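A short worksheet on the structure shown next.
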C-alpha cells in the first residue's frame with residue numbers, strides 16, 4: 001500500500017474533523033487548539049503516542065486565529081498556527097514558538113472532465129482568479145498553458161477560508177510573492193478581504209465546498225486533497241518548471257529552509273530548485289512561558305519530543321515532512337532553557 005492509500009484509509013473526511021479522545025482517569029491530558037493544516041498528523045501522533053507516553057492529547061482543529069487567541073487567553077495548554085508570530089508578538093503574549101512539522105498547500109479544482117494533476121496553473125493565474133479578473137475556465141490565459149485539454153465554458157467559483165487561518169496566510173504569502181498586484185491590493189495576513197469567491201471554515205470546509213460546487217477552486221493542505229480524493233493541479237515553480245504535488249517535490253522545497261531566523265519562522269514559499277513545489281510551509285506550536293500548570297506544559301514538550309523521535313514515519317505516510325534532526329535538537333534546547341528559567345526541573349526525553 002502506497003502513502004496515498006494509507007492516507008485515504010485514515011478516513012479523514014470533510015464532514016467530520018477528528019477530535020481528541022477523552023483522557024483516562026489515571027492518565028495525563030493536554031489540550032491544544034488551532035491550525036487545521038496539521039490536524040490529520042496531530043491526530044495520528046496523538047493516537048500512536050498515547051500508549052507510549054501515557055498522555056492523552058485533545059486537539060481541536062479550529063483554525064490558527066482561534067488557536068492563537070486561546071493560547072493567549074490560556075484556555076488551552078498549547079496553541080497551533082501556520083502563521084508564525086513575530087518576536088514582538090511572542091514577547092507580548094509571553095509565548096515560546098517552535099515548528100512541529102512541515103506541510104504543503106495545493107490548489108484543488110472541480111472541473112468536469114479534468115483529471116487529477118492534469119491542469120497546469122501558475123501563481124500569477126491563481127492571483128488573477130482570486131482577484132476576480134479571470135472568471136471562466138476556458139479563459140485564453142488558462143487554455144494557452146493547457147493545449148489539448150478540453151476546458152469548459154464554466155464559471156470559476158473560488159473558495160477561501162472565512163476564519164482566521166494560517167493556511168490562508170501561507171496561500172496569500174505565495175500569491176503576494178508571485179503577483180505584485182495581489183501584494184498591493186490584498187496583501188498578506190491570516191484573514192484578508194478576498195476580492196472574489198466564497199468563504200468556508202477550516203481546511204475541511206474549503207475541501208467540502210470545492211467537492212460540492214462545479215467550477216470551484218480552493219486551497220488546502222495536501223492531506224485533505226488526498227483523503228477526500230480531490231483533483232489537484234500542477235504549478236509552475238520559481239525555476240519555470242511545472243511540477244506535480246508529490247512528496248518528492250515537497251521535500252525538495254523543504255531542503256532550502258533557513259531555521260536561523262527569529263522564532264524559527266522559516267519561510268518555504270516559492271523556493272529555488274527545478275523540482276521544488278512552490279507552496280510549502282512549517283506549522284508552529286505556541287507554549288506559554290508562564291504556564292498556569294507547569295506539569296501540563298512539560299507534558300506538551302514530552303508529547304512533541306515523542307513525535308519528533310517516533311512520528312516521522314506517520315508524518316511521511318500522510319505526506320507531511322518531518323523536521324530535520326538539527327532543528328529538533330534546537331527545539332529541545334529551547335524547551336530546556338524555558339523550563340529551567342521557570343525554576344522547574346529540566347525534563348530530559
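The values are calculated or read from the model by the stated rules, or taken from the named source; none is laboratory data. Nothing here was measured: the structure is a model prediction, and the numbers come from that model. Note: ideal-geometry Cβ built from the backbone for every residue, glycine included; neighbour counts use all protein chains shown.
Brief remarks follow.
- Leading residue by the ranking (farthest from residue 116 (Cα to Cα)) among those in segment 234-262 that are touching a helix residue (DSSP H, G or I) at 6+ places or on another chain (Cβ under 6 Å) and outside any loop (DSSP other than H, G, I, E, B): 262
- Members of segment 287-322 found to be under 23 Å from residue 256 (Cβ atoms) and either surrounded by fewer than 19 Cβ atoms within 10 Å (Cβ to Cβ) or in contact with a strand residue (DSSP E or B) (Cβ under 6 Å, 6 or more places away or on another chain) (or both), listed by number: 312, 315, 316, 320, 321
- Out of 197, 215, 123, 187, one residue alone is over 22 Å from the mean Cα position of the chain (by Cα) and at pLDDT 95 or above. It is 215.
- Strands (runs of 3 or more DSSP E) wholly inside segment 123-227 that include at least 1 residues being in contact (Cβ under 8 Å) with a residue 60 or more places away in the chain and touching a strand residue (DSSP E or B) at 6+ places or on another chain (Cβ under 6 Å): 157-161, 216-221
- Test: residue in segment 9-32 that is at pLDDT 95 or above and within 15 Å of the chain's Cα centre (by Cα): no
- Close pairs (7 angstrom Cβ cut-off, 6 or more residues apart or separate chains): farther than 19 Å from residue 47 by Cα in segment 307-330, modelled with pLDDT of 95 or more and assigned to a loop (DSSP other than H, G, I, E, B) anywhere: none
- Taken together, the criteria place residue 120 among residues that are surrounded by 15 or more Cβ atoms within 10 Å (Cβ to Cβ) and in contact with a helix residue (DSSP H, G or I) (Cβ under 9 Å, 6 or more places away or on another chain).
- Residues of segment 290-342 satisfying the condition of being out of contact with any helix residue (DSSP H, G or I) (no Cβ under 6 Å at 6 or more places or on another chain) and not in a helix (DSSP H, G or I): 290, 292, 293, 323, 324, 342
- Residues (surrounded by fewer than 22 Cβ atoms within 10 Å (Cβ to Cβ) and in contact with a strand residue (DSSP E or B) (Cβ under 9 Å, 6 or more places away or on another chain)) located in segment 270-286: 270, 271, 274, 275
- When residue 261 is tested against (1) surrounded by 14 or more Cβ atoms within 10 Å (Cβ to Cβ); (2) modelled with pLDDT under 95, just one condition goes unmet, and that condition is (1).
- Hey, residue 266 modelled with pLDDT under 95, part of a loop (DSSP other than H, G, I, E, B) and crowded, with 18+ Cβ neighbours inside 10 Å or not: yes
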